[in-house]
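Participant: I'd like to ask some things about the structure below.
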Amino acid sequence: MLGLAVTAMVAGSIPLAAAQGASDATAAAAMAPAAASSAKPTKAERKAARKQARAKKNAELKKLEDAGYHPAANDPNYPTDLQNAQKKAGIGTGASQ
């Protein structure tokens, strides 16, 4: 009885297939290139994006170091020193706000 009820619920939730007309096929073919362009990026594209992000972060760190921030130092005034360097370098205030 339970199996029959589950089968009925599953069958009721499956949409019925509609016949595809000529205009539907043309619309689907026209949308195919758009779907392909939004596909998952290739390995080379992901690598280039990571390289670009790393270069951006390294440039930001260099600006902070030039403004007086020393990330390797064991500084008891850590947040204040970083915020002061960010203000001095003109970099955003970060995720703390």
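Participant: Please tell me which of these pairs span more than 19 angstrom C-alpha to C-alpha: K43/K63; K63/K87; K51/K88? Please list the in-between numbers first.
Facilitator: Numbers: K43/K63 30 Å; K63/K87 11 Å; K51/K88 27 Å.
Result: K43/K63; K51/K88 exceed 19 Å.
Participant: Right, here's the next one. Just name one of G90, H70, Q52: the one whose Cα is farthest towards the positive end of the charge dipole of region 42-92 (beta-carbon charges, Lys/Arg +1, Asp/Glu -1).
Facilitator: Q52
Computed from the coordinates by the stated procedures, all read-outs in this text should not be read as laboratory data. A quick note: this is a predicted structure, and the numbers were derived from the prediction, not measured. Every residue, glycine as well, gets a Cβ built from its backbone with ideal geometry; the counts of neighbours run over all protein chains shown.
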